[in-house]
Amino acid sequence: MLIDGNWVLEAQLARKTDEAGAYQRPVSSFRNWITRDGAAGPTGEGGFAAAPGRYHLYVAMVCPWACRALAVRALKGLEGAISVSRVEAALTDYGWKFPDDAQRPDARLPEADYLHEIYTLADPKFTGRVTVPVLWDMERETVVNNESADIIHMLNDGFADLVPDAPDLRPQALLTEMDALNDRLLEKFNNGVYRAGFAQSQAAYEVAFEDVFEALDDLDNRLSDGRTYLFGETLTETDIRAFVTLVRFDPAYFGVFKCNRAMVADYAHLPAYIGRMMALPGIAETVNLDHIKRGYYGIKWVNPNGIVAAGPDTAWIAA
Ligand SMILES: N[C@@H](CCC(=O)N[C@@H](CS)C(=O)NCC(=O)O)C(=O)O
């Protein structure tokens, strides 16, 4: 990670846990918002108005947080308005690395070998983990925001004038219920799998394990009445939040993070739900099973030898 703008290897290789060995997710640091007119958003400063061709997204295809931003970009029809760079599958000791043959999609983007160079361009004294996704402003040459929850929110609301026909993934009538389910999913499922995988004590792992399967059981139950999406027939941001973790479950979390009571493939309703999500326009392109497997099995502190499990068969996900 970066400390005062310098890459510190020992800090990068350590994971933060509390005294009971439970994983502590760090908080994100850049919290500005793109808004319709450039007014400041809920956090950060103003001056980031929605405009086509101004913003760029740095992502890792292994990462559920980055891929939820990619998924919302696709569903909102923003592929032409926001360009994307993808890092290599596995995190290196120096953080996320761009492929050697990577082409910058826009000449205004900085040249860089590692993502941490993008962070220090925005803040030469940056201290913190260098995470994806990163939303970069090519005009002001700085990071707008590196918190995916903010990014998916602003892609839906801030860019609404640019793509008036795109679906509203945060419909007002559902927001209260969505927020409640989003919070539960974040704690028990999206981050629950990480709490299981990064636990430093048996007890912390078992608490996380129970949370993960409680969330999976709840999701499957919710879909048991035949509804298409989590809130009925309306696709929402909550579906994207659930999907990015569901689609990584069998190829990665079941093995690497020891979430092995059951696979998603064993559930009654979840496999078909994944199939419906995969069929939405642009969504299959946000799922790279090869990067997901190599990326998670490449996390050294959970799998030091880096061997990638041969199974299970996940061909059904892409089918
Ligand atoms: N709160 C952030 C978390 C993002 C995050 O944890 N990304 C991981 C990949 S899945 C990362 O970049 N980790 C790099 C590191 O920890 O060194 C968000 O949702 O945007």
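The values are calculated or read from the model by the stated rules, or taken from the named source; none is laboratory data. Please read these numbers as outputs of a predicted model, since none were measured by experiment. Don't worry about glycine lacking a Cβ; one is built from the backbone with ideal geometry, like all the others, and counts go over all protein chains shown. SASA here: full protein model, heavy atoms, side chains in, ligands and nucleic acids out. Shrake-Rupley method; radii C 1.70, N 1.55, O 1.52, S 1.80 Å.
General observations
- Separation of the residue 45 and residue 228 label points, Cα + 7 Å toward Cβ, nm: 4.4
- Here the chain is assigned +1 on the Cβ of each Lys and Arg and -1 on the Cβ of each Asp and Glu. Its dipole about the Cα centre then comes out at about 380 debye.
- Based on DSSP H segments of at least four residues, each scored -39500 (n - 2.57), the chain has a per-residue ellipticity at 222 nm of -9500 deg cm²/dmol.
- About its Cα centre, the dipole of the range 172-286 is roughly 300 debye, where the only charges are +1 on Lys and Arg Cβ and -1 on Asp and Glu Cβ.
- 3J(HN,Hα) couplings calculated from phi for the range 15-20 with the Karplus curve 6.51 cos²θ - 1.76 cosθ + 1.60 (θ = phi - 60°) are, in sequence order, 10, 7, 10, 8, 5, 8 Hz; Gly and Pro show x.
- Under 5 Å from the amide H of residue 144 lie the amide H atoms of 135, 136, 137, each residue being 5 or more positions distant or on a separate chain, with H modelled from the backbone and absent for Pro and chain starts.
- The modelled label-to-label distance for the pair residue 19/residue 210, using points 7 Å beyond Cα in the direction of Cβ, is 2.1 nm.
- Between the exposed loop cleavage positions of the chain, defined as GluC sites (Glu not before Pro) in a non-H, G, I, E, B DSSP state with at most 11 neighbouring beta-carbon atoms within 10 angstrom, the longest gap is 112-232.
- Rounded FRET efficiency, nearest 0.05, which uses the C-beta distance separating residue 302 from residue 221 and R0 of 30 Å: 0.50
- The residues of the chain expose, per residue, 43 Å² of accessible area to a 1.4 Å probe.
- Note on residue 176/residue 101: beta-carbon distance plugged into 1/(1 + (r/R0)^6) with R0 of 51 Å gives a FRET efficiency of 0.60.
- Derived scalar couplings between HN and Hα for the range 221-237 equal 4, 4, 8, 6, 8, x, 5, 7, 10, 5, 10, x, 9, 9, 6, 10, 3 Hz in order, rounded to whole Hz, by the Karplus curve 6.51 cos²θ - 1.76 cosθ + 1.60 (θ = phi - 60°), x for Gly and Pro.
- Net charge dipole, the range 2-157: roughly 420 debye, given to the nearest 20, about the Cα centre with Cβ charges of +1 for Lys and Arg and -1 for Asp and Glu.
- One decimal place: the segment residue 266-residue 200 gains 20.9 nm when fully extended, by the rule 0.36 nm per residue minus the C-alpha distance.
- For the range 276-291, the Karplus equation 6.51 cos²θ - 1.76 cosθ + 1.60, evaluated at θ = phi - 60°, returns couplings of 5, 5, 4, 7, 5, x, x, 6, 4, 5, 8, 10, 10, 5, 5, 5 Hz by residue, with Gly and Pro reported as x.
- Percent accessible area from carbon and sulfur atoms, the chain, protein chains only, probe 1.4 Å: 51
- Tally of Lys pairs whose C-alpha atoms are under 16 Å apart, taken over the chain, 8 or more apart or cross-chain: 5
- Most mobile of 100, 150, 168 in a GNM of the chain (Cα contacts under 10 Å): 100
- In the chain, taking the dipole from charged Cβ atoms about the Cα centre, the farthest positive-side position among 318, 296, 80 is held by 296.
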